[in-house]
Amino acid sequence: MSAYDIRKTALTVETVWHERGPRLATPLLVGTSIAVIRNPFAGRYEADLMPFQASLRELGRELAAALIARLGGADKIEAYGKGIVVGEDGELEHGAVWHEAGGWAAREALGNPKAIVPASKTIGGPGTRLMVPLGHIHAAYVRSHFGTAEMTVWDAPRRDEIAFGLVMATGGRSHARIGGLAASDISVHDGQR
């Protein structure tokens, strides 16, 4: 378990069978794994956030492992993202540490795909609804996998907390049909195309 004060974790999975179109043979799973921790810098300015960022890699590993297991394994994951809600006594930069720590952990757990891990972050209180963007794990230009996952904890974050989350999905939108690069056509493997 992580070395910092985790108050609670949450793991949710949506099972999507259709979006008013034909029923899918296999449902799309969209999962969110969240940890609510005490913000060690609540109410004060800290010049050096790098040690905090480094310490969060283990939290990222824990959240990624739990989410991947619930979604059926790393080979099932096609899209990902990350989200952060910083309580009111913190600053946005306290959440920005998750860009490296959470993104790095998600990539590591999925075999190091190269596409950017999309993110959303904000300052908010208990029950803040954060819509976290999803993108294909291997190529940012795969439009079918542009989506969102909701990251919400009813009683978090409190003023002196941060909610860190990872989101993953087993596919793209259930009835994607707007063109663009298809996942089956990814060829460059540079994270873009």
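Full extension from residue 76 to residue 131: what is 0.36 nm times the residue separation minus their Cα-Cα distance, to one decimal in nm? Walk me through the numbers on the way to the answer.
Numbers: separation 55, 0.36 × 55 = 19.80 nm, distance 2.22 nm.
Length gained between residue 76 and residue 131: 17.6 nm.
So if a site counts as exposed when it's one of the chymotrypsin sites (Phe, Trp or Tyr not before Pro), its DSSP state isn't H, G, I, E or B, and it has at most 11 other Cβ atoms within 10 Å, what's the longest stretch of the chain without one? Let's see the in-between values first.
Details: sites that count: 45, 154.
With chymotrypsin sites (Phe, Trp or Tyr not before Pro) excluded where exposed in loops, the chain gives 46-153 as its longest stretch.
Mind putting a number on the dipole of segment 4-59 about its Cα centre? Charges go on the C-beta only, +1 for Lys and Arg and -1 for Asp and Glu, and I need it in Debye to the nearest 20.
Computed charge dipole of segment 4-59: roughly 200 debye.
Show me the trypsin sites (Lys or Arg not before Pro) within segment 92-135 that DSSP assigns to loop and that have at most 12 other Cβ atoms within 10 Å of their Cβ. Please list the in-between numbers first.
Working: sites: 107, 114, 121, 129; in loops: 114, 129.
Filter output for segment 92-135: 129.
Give the Rg (one decimal place) followed by the Dmax (whole number) of the chain, computed from C-alpha coordinates and expressed in Å.
Rg then Dmax for the chain, in Å: 16.6, 53.
Return the FRET efficiency for the residue pair residue 193, residue 52: r is the Cβ-Cβ distance, R0 is 35 Å, and the value is rounded to the nearest 0.05.
Working: r = 35 Å, r/R0 = 0.99.
About 0.50, to the nearest 0.05.
Which loop-located GluC sites (Glu not before Pro) does segment 45-74 contain, where loop means any DSSP state but H, G, I, E or B and the Cβ has at most 15 other Cβ atoms within 10 Å? Please list the in-between numbers first.
Values: sites: 46, 58, 62; in loops: 46.
Passing sites in segment 45-74 are 46.
Computing the accessible area with a 1.4 Å probe over protein heavy atoms, can you report the carbon and sulfur percentage for the chain? Walk me through the numbers before you get to the answer.
Details: 4810 of 9400 Å².
C and S atoms contribute 51 percent here.
Can you give the relative contact order of segment 36-176 as a percent, counting alpha carbon pairs under 8 Å and 6+ residues apart? Before the final figure, lay out the partial values.
Values: 320 pairs, mean separation 48.6, N = 141.
Across segment 36-176, relative contact order equals 34 percent.
If contacts are Cα pairs under 8 angstrom and at least 6 residues apart, what is the relative contact order of segment 1-56 in percent?
Values: 54 pairs, mean separation 21.2, N = 56.
Once divided by the residue count of segment 1-56, the mean separation gives 38 percent.
Give me the extension gain from residue 19 to residue 69: residue separation times 0.36 nm, minus the current Cα-Cα distance, reported in nm with one decimal. Before the final figure, lay out each step's value.
Working: separation 50, 0.36 × 50 = 18.00 nm, distance 2.54 nm.
Computed gain between residue 19 and residue 69 is 15.5 nm.
Which whole-number value in Å² is the accessible area per residue of the chain, probe 1.4 Å?
Per residue, the chain has an accessible area of 49 Å².
The values are calculated or read from the model by the stated rules, or taken from the named source; none is laboratory data. Keep in mind the model is a prediction, meaning the values are calculated, not measured. As a convention, Cβ positions derive from the backbone with ideal geometry for all residues, glycine included, and neighbour counts pool all protein chains shown. The accessibility values were calculated without ligands, DNA or RNA, using every heavy atom of the protein model including side chains. Shrake-Rupley method; radii C 1.70, N 1.55, O 1.52, S 1.80 Å.
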